[in-house]
Amino acid sequence: MSSEHQNLPVSASLRSPARMATAGPSSTSDSRSESSNNASGGAEGNGEDATDNSNFECNICLDTAKDAVISMCGHLFCWPCLHQWLETRPNNQTCPVCKAAISREKVIPLYGRGSGNQQDPRDKLPPRPPGQRTEPEPHNGFMPGFGFGDGGGFQFHFGIGAFPFGIFTTFNNWGAGAVPPAPGTQQYQEERFLSQVLMAMALLFLLWLILV
Amino acid sequence: MANIAIQRIKREFKEVIKSDEAQKCAINVELVGDDYRELRGEIAGPPDTPYEGATFHLEIKVPETYPFNPPKVKFVTKIWHPNISSVTGAICLDILKDQWAAAMTLRTVLLSLQALLAAAEPDDPQDAVVARQFKENHALFLQTAQYWSHVHAGVPKGNSEFSNKVRCLMDMGVGEHQALVALSSCNWDMDRAIEQLFS
């Protein structure tokens, strides 16, 4: 099946290199002016001289390829067009012409002589969304600082890890919380009591740590 | 509609009009309205098939996301074919679903539909009744499909036996198309068709 597909693009893409080869290296300026004529003709889209520029048309938008890239199977696209096609089917990335497997990494940007900007079109145009990655919780790395590694106390590690944070969050809420309860209310009393209890427990625990 | 969709459809429209196939009257497209969202397609029945000489009209709706998603195509002309619903005209064709590729055009879609008429896929049917007849009683399927082309799609040659049966049911007060569907799906057995219609 794949060999069948490979034959197809070769015959299709043969036409343009063959045409350029006949122009030869000596007539570079001629072929250049010819290609710029083609480009302007393509922009008009009147289709009168379509036989010439159709070799350089994007296979998706059917217009002269801008920020051109070429697939390994030899098919020409605008990078924005191909990018949108790949985004439409992220799980089934196939060449829109011959259905060969393609990917962002396996297309080649084309740089014409006249184009001033030599930036890789794949970097310039629709930037890929960055990966959504969050750092893991740091509580495991916090432990060894206590020098508490006598092997048996593995469950203690978690308890200790969570405990000081609990205190800190309580204090943070106290200091920077948006709406601290007004003094005198029942909530104020309760929170004050709670923080005192926690503080006492923390002190006892630290004492125990030092003594044991 | 997105700019790329309009630009593409305009180009494809011209491409179809100028194509060799259009010159031979095998395919054609017309605009419905002036915004290129909806078109009317036309395909000729391929030779050496029961659809030969027929002209089928299609409804083509271009989505906003064209050409990254396929156009929505269905038959307006009634047709007896395993992969096309005889009731709604809905088409079962892979390239109009998951096998669509952005480089396909109106022209290739119309030509694919023409090829589908010439090579049905009864194992992946849209219309199960038609598909069963296609597999179990192929000669009758060919006659039925040809008769539908005569009634709905402008083929001159009819079938006097079939038209007599349809007329007979119409005399009982059944609508013409209803009679045609009932007889076609009952393999042109009058008694079964009557039973199906009046039970």
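A short reminder: the numbers here are calculations on the coordinates, not readings from a lab. From a predicted model like this one, the values you see are computed outputs, not experimental measurements. So basically every Cβ, Gly included, is an ideal-geometry build from the backbone, and we count neighbours across all protein chains shown.
Shielding value for A:59-66 is 4, the average number of Cβ atoms from other chains within 10 Å of each residue's Cβ. Take the Cα of B:Ser199, go 7 Å toward its beta carbon, and the backbone nitrogen atoms of the stretch B:152-177 under 19 Å from that spot belong to B:169, B:174.
This ranking places B:Glu21, B:Glu64 by how few other beta-carbon atoms lie within 10 Å of each, fewest first, which gives B:Glu64, B:Glu21. Across the stretch B:90-100, rounded Karplus estimates of 3J(HN,Hα) from the backbone phi angles (6.51 cos²θ - 1.76 cosθ + 1.60, θ = phi - 60°) give 4, 10, 9, 9, 4, 6, 8, 10, 7, 8, 5 Hz, Gly and Pro being marked x. Cβ-Cβ distance of B:Glu176 and A:Arg89, R₀ of 60 Å, FRET efficiency by 1/(1 + (r/R0)^6): the value works out to about 0.85. Across the stretch B:183-195, rounded Karplus estimates of 3J(HN,Hα) from the backbone phi angles (6.51 cos²θ - 1.76 cosθ + 1.60, θ = phi - 60°) give 5, 4, 7, 9, 6, 6, 8, 4, 4, 5, 5, 5, 4 Hz, Gly and Pro being marked x. To the nearest 0.05, how large is the calculated FRET efficiency for B:Asn159 and B:Thr65 if R₀ is 41 Å and r is the Cβ-Cβ distance? So the FRET efficiency works out to roughly 0.40. Springs join every pair of Cα atoms under 10 Å in this Gaussian network model of chain B, and among B:Tyr36, B:Tyr147, B:Tyr51 the largest mean-square fluctuation is at B:Tyr36.
Calculated from DSSP H runs of 4 or more alone, at -39500 (n - 2.57) each and per residue, what is the 222 nm mean residue ellipticity of chain B, nearest 500? List each step's numbers first, then the result.
On the way: 8 runs with 88 residues, N = 199.
Roughly -13500 deg cm²/dmol at 222 nm, from the helical runs in chain B.
Show me B:40-47, B:118-125 ranked by packing, highest mean number of other Cβ atoms within 10 Å first. Before the final figure, lay out each step's value.
Working: B:40-47: 18.9, B:118-125: 14.4.
Packing order, densest peptide first, comes out as B:40-47, B:118-125.
By other beta-carbon atoms within 10 Å, ranking B:Asp189, A:Asp63 with the fewest at the front produces B:Asp189, A:Asp63. Taking label positions 7 Å along the Cα-Cβ direction at both B:Glu30 and B:Leu140, the computed distance is 3.7 nm, reported to one decimal. Could you let me know the centre-to-centre spacing of the stretch B:20-86 and the stretch A:194-212, using Cα atoms, in angstrom? Using only Cα atoms to place each centre, the spacing works out to 81 Å.
Summing charges over all other residues whose Cβ lies under 13 Å from the Cβ of B:Pro71, with Lys and Arg as +1 and Asp and Glu as -1, gives +4. With the gyration tensor restricted to C-alpha atoms of chain B, the semi-axes of the equivalent ellipsoid amount to 34, 16, 15 Å, longest first.
For B:Ser112, B:Ser86, what's the fewest-to-most ordering of other Cβ within 10 Å of each Cβ? Numbers along the way, then the final one.
On the way: B:Ser112 17, B:Ser86 22.
If I rank by nearby Cβ atoms, fewest first, I get B:Ser112, B:Ser86.
The calculated FRET efficiency for the pair A:Ile70 and B:Asn187, based on their C-beta separation and a Förster distance of 60 Å, comes to about 0.65.
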